[in-house]
Amino acid sequence: MSQRPGMAESGLFRAIVQPALPACPGTRTLHELCGLTMTQQQLDTRGLICPMPVIKVQDMIKTLHQGDILEVRCSDPGTMHDVPAWCRIHGHEILQCSNNDEEILIRIKVGPDGT
């Protein structure tokens with residue numbers, strides 16, 4: 001495929017293919033500038049049965065901010081399906097959903113909705 005004459009010289013072509021410049025030393029992220037930090041919280045719902053683990057997750061996420069991580073420990077096998085389904089509906093991301101013989105571990109990244 002041939003280029004149109006003059007395209008490489010115009011600067012448009014260079015802007016597209018030129019690699020991005022590295023961040024300047026001393027630059028800060030938006031979270032740092034606003035004084036925000038992402039947190040990781042834990043919630044123990046072991047011993048609770050449906051619908052309580054989902055309700056507890058919902059209540060806890062209401063107190064968190066977008067990007068925060070919530071680690072939930074459960075014993076009710078239904079939470080393997082109920083909590084991820086609730087998260088999908090409300091825009092939260094499941095980072096991990098695992099089950100060993102003793103407990104279920106679900107890690108959630110809080111989405112923009114916050115509900």
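Data overview
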read-out: Enumeration of residues in segment 72-93 that are under 11 Å from residue 53 (Cα atoms) and basic (Lys, Arg); value: 73
read-out: Positions within segment 53-88 being among the aliphatic types (A, V, I, L, M) and touching a residue at least 12 places away in the same chain (Cβ under 8 Å), in sequence order; value: 54, 57, 60, 61, 64, 69, 70, 72, 80, 83
read-out: Count - residues of segment 60-90 that are within 22 Å of residue 38 (Cα to Cα) and in contact with a Pro (Cβ under 6 Å, 6 or more places away or on another chain); value: 1
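A short reminder: the numbers here are calculations on the coordinates, not readings from a lab. The model shown is predicted, which means the values in this text are computed figures rather than measured ones. With ideal geometry, Cβ positions are generated from the backbone for all residues, glycine too; neighbour counts draw on all protein chains shown.
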